[in-house]
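Below: one structure, written as structure tokens.
The values are calculated or read from the model by the stated rules, or taken from the named source; none is laboratory data. Here the structure is a predicted model, which means the values were calculated and not measured. Counting neighbours? That spans all protein chains shown, and the Cβs are built from the backbone with ideal geometry, glycine included. Protein only, heavy atoms only, side chains kept; ligands, DNA and RNA dropped before computing areas. Shrake-Rupley method; radii C 1.70, N 1.55, O 1.52, S 1.80 Å.
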Amino acid sequence: MSNYNAVLARNTEKAPQSSLHSQTVAFSHYNNFSAQLPIDPKTGELVAGGIKDQAEQCFKNIKAIIDSIGHVMDDIVRITIFVKNIKDVDAVNEVYKTYYSSYLPTQTIVAVDALPMNALVQVEALVTNGEGTIPNAPQAGDLIKLTNNTENAPTSSLSTQTVAFSHYNNISAQLPIDPKTGRLVIGGVTEQARQCLKNIKAILESIDVPFDDIVKITVFLKDFSDFEAVNEVYSTFFPDSAIARAVAYVPARTTVAAADLPMGALVQIEAVVSHGDGTPPQAIEDRHGIIVEANNTENAPKCPISTQTVAFSHYNNISAQLPLDPKTSKIVDGGVKEQTEQCLKNIKAIVESIDHVLEDTVKINIFLKNIGDIEAVNEAYKKFFPNGTPARRIVGVSVLPMNALVQIDAIIGNAEGTPPIK
């Protein structure tokens, strides 16, 4: 990276360690945590007991990492919970509530097909990094978290609709709930997808942020055969403004097959949104001139409903990459190892097209058709990340687009910010 910011990877012995990933990777004003399994750091094994015991260990591990970098649990802006059984959500939330008394982060909950080590739960956190990562130099230190809820979108006693910190708004995953009734909207996946996006739009309007300030969307689908129906609805929301339509702007995107969703929903949508004015007080010069930069390269697969990478401030948000050969738009020959290599080649091509390098990666998310393929995936992965720096998450899903065996997305540091620092 440049002298302005540095990728800062850290580990503590008080949480599970791995040679393949760092526990937390800070860049600029955020710490990106690896998803935490219910592993006892002393034994390296899953803790004994059921879902509550496992959830407790996940949160203990997160707290140990947070304590080790001089932060507190209230510095978490987003919590993502993956469970094997959606019926376990209440038990997990019972544990979760013990860590919060007043402030609540944004939250995403989804049931997936499988988790590493056959765990029942896995928990991931995104944490503020108020001091930034400029070596030997202070950064604007008056950053604060801004939380907001509006009655025009569903409210929850367990999460905040949006938490802004520095130059990003993190939105709780939105279910297709009518905020007036608190129930799922009537209809099928088309109506549900529309309601999810309406809820996101209502949240953004409540904080005076336009819809086209969304830089990354994650869609969780109960039935992957609904993919096209959701895309039809999605295309009516993006692009949203005349400016965005003029340049055909669409956010980066990842679509995930969920084993189940809260309330039996068919779809759930999560958004990451730019926050152009930061979280004041900030100096005037720090609030203006930051722009959303979308980029596509011919050296990676293109998609009409997503941009390969969307940069804002100090992060590049990369769309999920399938193991497609960009020349043929077909899945590469071979098994999961070859497919993993192609996914990472595509990410590398995107990163290099914006004058960055893979060493700038702060977070990798891997979605696997067969969780038993982890070792083969790791074999390919190590070639691209020999130092194991990025934070990482792996979940097992029942299906992937084009019947792929693996799908990978990434978050990359953007050292120069947008526009470049003078």
Name the residue, out of 416, 341, 359, that is open to solvent by 20 Å² or more (accessible area, probe 1.4 Å) and farther than 21 Å from residue 29 by Cα.
341
Every listed condition ((1) at pLDDT below 95; (2) exposed (fewer than 15 other Cβ atoms within 10 Å of the Cβ)) holds for residue 295 save (1)
Is there a residue in the stretch 226-236 that is crowded, with 16+ Cβ neighbours inside 10 Å and under 26 Å from residue 147 (Cβ atoms)?
no
Among the listed residues 42, 84, identify the single one that is open to solvent by 40 Å² or more (accessible area, probe 1.4 Å), basic (Lys, Arg) and without any contact (Cβ under 8 Å) to a residue 40 or more places away in the chain.
42
For the stretch 160-182, how many residues meet the condition of being in contact (Cβ under 8 Å) with a residue 60 or more places away in the chain and over 11 Å from residue 268 (Cβ atoms)?
10
Residue 285 versus (1) acidic (Asp, Glu); (2) modelled with pLDDT under 95; (3) surrounded by 16 or more Cβ atoms within 10 Å (Cβ to Cβ): which is the lone unmet condition?
(3)
When only residues in the stretch 245-258 that are in contact (Cβ under 8 Å) with a residue 12 or more places away in the chain and surrounded by fewer than 20 Cβ atoms within 10 Å (Cβ to Cβ) count, which is farthest from residue 195 (Cα to Cα)?
247
Filtered residues of the stretch 2-61 (kept if of a type in the set (Val, Ile, Thr) and closer than 15 Å to residue 362 by Cβ)
7, 24, 25
If you go through the stretch 155-172, how many residues are assigned to a loop (DSSP other than H, G, I, E, B), surrounded by 24 or more Cβ atoms within 10 Å (Cβ to Cβ) and either more than 20 Å from the chain's Cα centre (by Cα) or at pLDDT 95 or above (or both)?
2
Filter result (touching a residue at least 24 places away in the same chain (Cβ under 8 Å) and out of contact with any Leu (no Cβ under 8 Å at 6 or more places or on another chain)) within the stretch 404-422:
409, 410, 411, 412, 413, 414, 415, 416, 417, 418, 419, 421
Would you confirm, using the coordinates I've provided, whether residue 195 is closer than 20 Å to residue 78 by Cβ, of a type outside the set (Gly, Ala, Ser) and open to solvent by less than 40 Å² (accessible area, probe 1.4 Å)?
no
Can you pull out the strands (runs of 3 or more DSSP E) entirely within the stretch 298-381 that have at least 3 residues that are aliphatic (A, V, I, L, M)?
361-368
